[in-house]
Amino acid sequence: MNQIETLLTERHLPELLRLVDGRPVTRENWEERRAELVDILCREVYGYAPSAPHHVTVTEQKCKKKDYAGKGTTRELILSFPTDKGEFSFPVVEVIPTDGTKVPMFVMVNFRPDVPDRYLPVEEILDAGCGVIRIYYNDIAFDGEDGFAGGLAAMYDREKYTWGKIRMWAFAASRVMDYLQTTDYADKERIAVVGHSRLGKTALLTAATDSRFAMACANCSGCTGDAISRNKAGESVKAINQKFPYWFCDTYKQYGDREEEMPFDQHFLVAAIAPRRVALGSAVEDIWADPDSQYLSACAASPAWELFGQKGFVHPDRLPKVGDRLDAGDLAFHLREGTHFFSRADWHRYLCLI
Ligand code: GTR
């Protein structure tokens with residue numbers, strides 16, 4: 001066994017390429033397995049969401065042409081859709097290149113409403129020929145303990161849906177995708193979802209649950225994002241549930257200190273996006289997220305792409321080193337210098353890969 005195979009064996013991961021009924025997974029039944037993976041993750045970790053509304057309506061609030069030295073058009077929009085308890089609305093800001101061509105788009109769920117923002121370098125996105133739509137996550141569901149009494153959570157019966165806030169943020173990203181389907185400027189084959197940290201977890205879940213996304217860019221997503229939980233350094237399943245219980249469904253709480261009993265690990269989340277593209281970003285000083293466990297998750301998820309004759313995660317037989325940019329396959333990974341942050345260095349990777 002080579003070094004990576006040994007390290008993966010030591011993590012005792014649940015098998016990715018076997019259906020619950022024991023059949024081996026093939027290219028032909030991959031969609032069936034993918035549906036199982038999503039179902040396991042919703043049942044055990046993120047909770048179940050309502051089904052998609054049949055329409056989303058858009059109202060333009062403001063439009064600024066010739067923004068960003070004339071290179072971009074900024075529009076502030078309100079998206080609304082019907083829920084079990086009436087209409088739910090949330091604002092988004094989109095910035096698209098002014099030249100009128102079809103462009104790749106990033107749907108970004110962010111921590112602050114500002115556009116641009118220190119995590120959202122709009123001018124550089126435009127210069128790369130891309131557009132962006134940002135959702136401010138607190139407009140969807142407050143990132144704190146509120147007994148699920150406000151925002152999107154209050155629009156559905158808690159008895160019926162077990163979703164935690166990460167699932168709610170992901171649901172909103174899908175509503176932005178609904179809207180993008182109706183535009184003439186978005187290149188429908190190149191729409192990515194992007195986020196950092198808890199919102200990197202959200203980006204992975206969005207692409208796993210919505211196959212219209214061609215790519216997920218998960219920056220420093222760590223625990224319950226891209227990182228394998230079994231024998232993980234830094235944040236644990238127990239710690240994340242204690243500090244952020246409202247991110248997940250109640251079922252997940254039982255796995256604190258009992259990771260080995262989980263019928264899944266986070267390579268299921270990464271693989272559930274296959275055969276579409278995934279870009280994982282990590283930072284060498286982000287030991288709370290644990291870059292080695294993020295990397296091993298990519299190694300363990302890679303066989304899902306290989307089913308399709310695609311290169312999944314192309315990597316050397318060693319753990320990651322700072323400066324690694326491993327992007328020869330459809331599952332890319334980078335490890336940059338520095339701390340937990342959504343840095344320009346990360347964006348430059350995602351802009352190259354979209
Ligand atoms: C931390 C949390 C991480 C990560 C991070 C963030 O406190 O433990 O899982 O999500 O917050 O979102 O910045």
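Observations
- Test: Pro316 is free of Cβ contacts under 8 Å to residues at least 12 places away in the same chain, surrounded by fewer than 20 Cβ atoms within 10 Å (Cβ to Cβ) and outside any helix (DSSP H, G or I): yes
- Yes/no for Gln254 being without any contact (Cβ under 8 Å) to a residue 24 or more places away in the chain and under 24 Å from Val20 (Cβ atoms): yes
- Here the range 173-200 is the region considered, the condition is being surrounded by fewer than 18 Cβ atoms within 10 Å (Cβ to Cβ) and of a type in the set (D, E, K, R), and the residue that is nearest to the ligand (Cβ to nearest atom) is Arg190.
- In the range 228-247, the qualifying residues are those that are small (Gly, Ala, Ser) and more than 11 Å from the ligand (Cβ to nearest atom), and the one that is nearest to the chain's Cα centre (by Cα) is Ser229.
- Sole exception among (1) among the polar types (S, T, N, Q); (2) within 24 Å of Ala52 (Cα to Cα); (3) within 11 Å of the ligand (Cβ to nearest atom) for Thr209, by number: (3)
- In this structure, Gly100 does satisfy being at pLDDT below 95 and either more than 17 Å from Ile140 (Cβ to Cβ) or crowded, with 19+ Cβ neighbours inside 10 Å (or both).
- Yes/no for Phe111 being surrounded by 18 or more Cβ atoms within 10 Å (Cβ to Cβ) and out of contact with any Asp or Glu (no Cβ under 9 Å at 6 or more places or on another chain): no
- In the range 319-354, the qualifying residues are those that are of a type in the set (Ser, Thr, Tyr) and under 19 Å from the mean Cα position of the chain (by Cα), and the one that is surrounded by the fewest Cβ atoms within 10 Å (Cβ to Cβ) is Ser343.
Table: residues versus (1) of a type outside the set (Gly, Ala, Ser); (2) surrounded by fewer than 16 Cβ atoms within 10 Å (Cβ to Cβ); (3) closer than 23 Å to Asp39 by Cα.
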| residue | (1), (2), (3) |
| --- | --- |
| Glu260 | yes, yes, yes |
| Pro263 | yes, yes, yes |
| Gln266 | yes, no, yes |
| Arg276 | yes, no, yes |
| Gly312 | no, no, yes |
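- Number of positions in the range 99-116 that are within 17 Å of Cys217 (Cβ to Cβ) and under 19 Å from the mean Cα position of the chain (by Cα): 8
- Residues satisfying the stated conditions in the range 152-172, i.e. in contact (Cβ under 8 Å) with a residue 24 or more places away in the chain and more than 16 Å from the ligand (Cβ to nearest atom): Leu152, Ala154, Met155, Tyr156, Asp157, Lys160, Tyr161, Thr162, Trp163, Phe171, Ala172
- Single unsatisfied condition, Val58 versus (1) surrounded by 13 or more Cβ atoms within 10 Å (Cβ to Cβ); (2) out of contact with any Leu (no Cβ under 6 Å at 6 or more places or on another chain); (3) under 30 Å from Arg158 (Cβ atoms): (2)
The values are calculated or read from the model by the stated rules, or taken from the named source; none is laboratory data. Owing to the predicted nature of the structure, the values given are computational and were not obtained by experimental measurement. In this analysis, Cβ positions are derived from the backbone assuming ideal geometry, glycine residues included, and neighbour counts consider all displayed protein chains.
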